[in-house]
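Every read-out reported here was derived from the displayed coordinates using simple, explicitly stated rules and does not represent laboratory data. Not measured: the values here are computed from a predicted model. Cβ sites come from the backbone with ideal geometry, for glycine too, and all protein chains shown count toward neighbours.
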Amino acid sequence: MCMIPVFCWITAAVLEHMLTTDQRGELPQTLTDMYSHFLLVQTKRKKQKYEEGHETSPQQLTEADRELLLKLGRLAFEHLEKGDIMFYQEDLQRCGLDVTEALVHSGVCTEIFKSVIFQKTVYCFVHLSIQEFLAAVYMLHCYTNRDTAVLKHFLQEDWDDDNSDSRDQEYPSLDVFLKGAMLKSLRSENGHLDLFVRFLHGLSLESNQRLLGGLLGRTDNRPGIIQRAISNLKKLRSDNISPDRSINIFHCLTEMKDLSVHQEITGFLKSENRSEKELSEIHCSALAYMLQMSEEVLDDFDLM
């Protein structure tokens, strides 16, 4: 991610804000943490630029802020689900947005070009990852507000299958909802929901729900629920999934700040009797990722 210019911009904006204001709490630990802070920073900058004299706490979202971000989230989700990154003015209007709100006041959308053939202006989010994050914000908001129509449309067959294990037969628990979202993302042939589902898992944590103050609502994120969600990720079978795609399961664990698999693999690599230990699928994914990220050149890969 650090080689992607827009992510460098996001990181710099967040760190500059945290280091030059009184918001000197814990630095972002995950991708979801970083994008959650970025959303607040952009909102603050918008107010300073376009609402002069109207100063609020940088950690507080007003009702107008929440309404705008959720409309953008709906736009982001509907186009992400279809695999679209571009949209038109009628798409904005369908989500209750006007061009000024989307382009000028939000700071997360931009105009690309004007289509000569169709005589239309084409828009997009400033980066696909921002579209994916806003889509995840919208989806978790729909979950916490029990918008069953949106959830059923998104989960489709996973709604009935996974909800049968939920204590509330009419509505899935958080761990069941996250499992359904994960399964849907894994069925995607091109992985267009991978980062979206990573953000979804990260946003399920209380720390990010508290940070975004009312935008997401509150989920039942008791330790037992979160632990079940983590356990579901570790148990997922990836028989029909390419290895590079199954690594996303490990990324979701990281977004939930569960480092147990990483620690277990680190211990495995330091062990002298590696041949006696059997690695699970999630351990293999973690090992593959750690080898990809390693700066060391391996002449010999020995697991014996």
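Between Ala288 and Leu27, 0.36 nm times their residue separation minus their Cα-Cα distance comes to what? Spell out each step's value before the answer.
Working: separation 261, 0.36 × 261 = 93.96 nm, distance 2.71 nm.
Extra length available between Ala288 and Leu27 comes to 91.3 nm.
Using θ = phi - 60° and the Karplus form 6.51 cos²θ - 1.76 cosθ + 1.60, what ³J(HN,Hα) does each residue of the range 276-284 get, whole Hz, x for Gly and Pro?
8, 9, 9, 8, 7, 4, 5, 5, 5
Taking the Cα centroid of the range 72-113 and of the range 1-46, what is the distance between the two, rounded to the nearest whole Å?
22
I'd like the orientation of helix 243-255 relative to the chain: the angle between its Cα long axis and the longest Cα principal axis, in ° from 0 to 90, rounded to 10.
For 243-255 against the chain, the angle is about 70 degrees.
Taking a threshold of 31 Å on the Cα-Cα distance, which of the pairs Lys44/Lys257; Lys46/Lys152; Lys82/Lys120; Lys257/Lys277 fall above it? Please list the in-between numbers first.
On the way: Lys44/Lys257 27 Å; Lys46/Lys152 35 Å; Lys82/Lys120 20 Å; Lys257/Lys277 25 Å.
Cα-Cα > 31 Å for Lys46/Lys152; rest within.
Ranked highest first by the average count of other Cβ atoms within 10 Å around their residues, in what order do 91-98, 250-257 fall?
The densest-packed peptide leads the list: 250-257, 91-98.
Per DSSP H run of at least 4 residues, take -39500 (n - 2.57); add these up for the chain, divide by its residues and hand me the 222 nm value, nearest 500 deg cm²/dmol. Present the calculation step by step, with values, prior to reporting the outcome.
Values: 14 runs with 174 residues, N = 304.
For the chain, the value works out to -18000 deg cm²/dmol.
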